[in-house]
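Let me begin by presenting the structure, written as structure tokens, before commenting on it.
The values are calculated or read from the model by the stated rules, or taken from the named source; none is laboratory data. All values derive from a computational prediction rather than experimental measurement. Here Cβ is always computed from backbone atoms with ideal geometry, including for glycine, and neighbour counts include all displayed protein chains. Note: accessible area is taken over every heavy atom of the protein model, side chains too, but ligands, DNA and RNA are not part of it. Shrake-Rupley method; radii C 1.70, N 1.55, O 1.52, S 1.80 Å.
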Amino acid sequence: SGKEDYVARLAKIEGQVRGLRKMIEDDRWCPDIVTQVASVTRALQEVSVGLLNDHIHCCVLDAVRRSDSDGDAALEEVASTIRQVMKL
């Protein structure tokens, strides 16, 4: 994955969200809308997981290689991000 992949995924998600708005405007059946909301939510979660994975394999790994203190700070940052996301 890379920047272009994330941009493409987010463009697809943006289209899904526009579709959701249209479904609501058209008074579509609520369970169908909820199913589509769940799909968008999963797609966003996949983007988040990918970004965090990339961050760990690039930035965190570099920090760990630089020094113990940089590594500890980078790992704490990741843990903090995970805590924040899990509060959702």
Could we say that Lys22 is open to solvent by 70 Å² or more (accessible area, probe 1.4 Å) and closer than 25 Å to Asn53 by Cα here? no
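Can you name every residue in segment 33-59 that is open to solvent by less than 60 Å² (accessible area, probe 1.4 Å) and more than 23 Å from Val78 (Cβ to Cβ)?
Ile33, Ala38, Ser39, Val40
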In segment 1-19, what count of residues is obtained for those that are open to solvent by less than 40 Å² (accessible area, probe 1.4 Å) and within 25 Å of Ile82 (Cβ to Cβ)? 3
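Condition check ((1) open to solvent by less than 50 Å² (accessible area, probe 1.4 Å); (2) in contact with a helix residue (DSSP H, G or I) (Cβ under 7 Å, 6 or more places away or on another chain)) across all residues:
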{"residue": "Val64", "(1), (2)": "no, yes"}
{"residue": "Asp70", "(1), (2)": "no, yes"}
{"residue": "Leu75", "(1), (2)": "no, yes"}
{"residue": "Ala79", "(1), (2)": "yes, no"}
{"residue": "Ile82", "(1), (2)": "no, no"}
{"residue": "Met86", "(1), (2)": "no, no"}
If I filter segment 58-65 for residues that are in contact with a Gly (Cβ under 7 Å, 6 or more places away or on another chain) and in a helix (DSSP H, G or I), do I get at least one hit? yes
